Amino acid sequence: MALSHSRVTRYDFCPRAYRYYYLEGWRPVAKKPALLFGDAIDRGLTALFQRGADPVAVFEAGWQALKDAGVEWGKRHTWDTLLEIGKGVLTRFVAEERPRFSNVAPEHVQRSLSAQVDGVSFVGYPDLYGEVDGLRTLVDFKTAQSAYDAEEVQLNEQLTAYWWLLEANGIPVDRVAFCVLLKLKEPKIAWSFANRTPQDIAEYREKLALVAGDIASGRFPKKTSSCGLWSGCDYRPLCLGNETAIRTQLVLTEEMSDEEIVV
C-alpha cells in the first residue's frame, strides 16, 4: 500500500469519499478555478527553480489553455482577473522573494521522497528544498485569499510529513515553511515558518499506521459531519443515491494516473 498526505487528508475528511475517489475512481465533472489557479502558479514556480524559466510566461501559457475549457469562473475571480493576479504575484515573487533563495538544486524541486512505516510506503513531493535566508528550508507554495494563521502552520500535518520524509532520507532541515501567494489585486506574498519535534513526527507516524490499518481492513464509513465542509462534498450524490446528480456532476474514470494514486 502507498500512502501520501493527500490520501490521509481525504480519509480524514471522509473515509467513504476516500473510497469513491481512490478505489472506485469517481471524479467531479466541474473544474474548480482555485485548484486550476494553484496548479498554474505551481507550474510557473517549478519551471523557475528547475530550469531558470520565466514563471510569468509559463503561468500565462498554461492559463491561456484554460480560457475555453468550460470552467465555471466566479463573479469575483474571473479568468481575466486571475490571469492578472497570477502575473502580478509571480512578478513580485521574482523581484522580492527569489533573491532570498540559495543552493536550490533542480533535483530538490518537486522531488519524490518516500519512507516506510509499519510496512506501508509513504510518498511525498515537496515543492522545494534549499536555503532561504541562509537556513535549510523545505518550502511548500500555496495560493490563498489570506495568510495562514500561525497556529495552523504549527499544527499542519503536511509540513510534519515533509519534515519526516527529509529526515528519513538523510536530508538535514532547519525549518519548514508555507510561502503563500495571495490572490489579491495588489500582489502580496506571506511567509510562515515552523519547526517539528521528534514527538510531532512520532504522532504523525502513529496516525499513518492507524489510517493504513483502516484502509487495509476496508473501513470506509460515511462521515456526515464533513458534508458541509470544503464547500460541500463532491460525492454527496453517491451517498444519497441521487442518479440524476450522479450523471451530471460526477464521472467514473476507467484508469487513474500514478500521480492520482499516490500524490
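For segment 198-206, the criterion of being within 30 Å of D133 (Cβ to Cβ), modelled with pLDDT of 90 or more, part of a loop (DSSP other than H, G, I, E, B) and β-branched (V, I, T) is met by no residue. Mind listing just one residue for me: the one in segment 54-108 that is within 27 Å of V139 (Cα to Cα), among the basic types (K, R) and out of contact with any Pro (no Cβ under 6 Å at 6 or more places or on another chain) and, of those, surrounded by the most Cβ atoms within 10 Å (Cβ to Cβ)? It comes out as K87. For segment 106-123, enumerate the residues that are touching a Ser or Thr at 6+ places or on another chain (Cβ under 6 Å) and small (G, A, S). S114, S121, listed by residue number. Can we say T224 is at pLDDT 95 or above, β-branched (V, I, T) and over 21 Å from the mean Cα position of the chain (by Cα)? Against the criterion (at pLDDT 95 or above, β-branched (V, I, T) and over 21 Å from the mean Cα position of the chain (by Cα)), T224 does not qualify.
The residue that is farthest from A190 (Cα to Cα), among those in segment 47-78 that are touching a residue at least 40 places away in the same chain (Cβ under 8 Å) and part of a helix (DSSP H, G or I), is R51. Does any residue in segment 239-250 that is in contact (Cβ under 8 Å) with a residue 12 or more places away in the chain come within less than 8 Å, Cβ to Cβ, of a residue that is surrounded by 13 or more Cβ atoms within 10 Å (Cβ to Cβ) and assigned to a helix (DSSP H, G or I) six or more places away or on a different chain, and which pairs are these? Here the result reads C239/R16; Q249/P237; L250/P237; L250/L238, each pair linking segment 239-250 to a residue that is surrounded by 13 or more Cβ atoms within 10 Å (Cβ to Cβ) and assigned to a helix (DSSP H, G or I).
Beta carbons closer than 9 Å, at least 6 apart along the sequence or on distinct chains, pair a first residue in segment 81-108 that is closer than 14 Å to Q50 by Cβ with a second that is assigned to a strand (DSSP E or B) and of a type in the set (D, E) for F101/E131; V104/E131.
Would a scan of segment 168-177 turn up a residue that is modelled with pLDDT under 95, among the charged types (D, E, K, R), touching a strand residue (DSSP E or B) at 6+ places or on another chain (Cβ under 7 Å) and under 30 Å from I85 (Cβ atoms)? No, segment 168-177 contains no residue that is modelled with pLDDT under 95, among the charged types (D, E, K, R), touching a strand residue (DSSP E or B) at 6+ places or on another chain (Cβ under 7 Å) and under 30 Å from I85 (Cβ atoms). Taking T81, is it of a type in the set (S, T, Y), over 29 Å from A2 (Cα atoms) and either touching a Phe, Trp or Tyr at 6+ places or on another chain (Cβ under 8 Å) or in a helix (DSSP H, G or I) (or both)? The answer is yes for T81. Each residue in segment 132-159 was checked for being touching a strand residue (DSSP E or B) at 6+ places or on another chain (Cβ under 8 Å) and either within 24 Å of A115 (Cβ to Cβ) or acidic (D, E) (or both), and 14 pass. When we screen L159, L184 for residues that are surrounded by 19 or more Cβ atoms within 10 Å (Cβ to Cβ) and hydrophobic (A, V, I, L, M, F, W, C), the only hit is L159.
Candidates in segment 13-51 are the residues that are surrounded by fewer than 17 Cβ atoms within 10 Å (Cβ to Cβ) and over 25 Å from F141 (Cβ atoms); of these, the one that is farthest from the chain's Cα centre (by Cα) is E24.
The values are calculated or read from the model by the stated rules, or taken from the named source; none is laboratory data. Since the model is a prediction, treat every value here as computed from it, not as a measurement. FYI the Cβ positions are ideal-geometry reconstructions off the backbone, even for glycines, and counts take in every protein chain you see.
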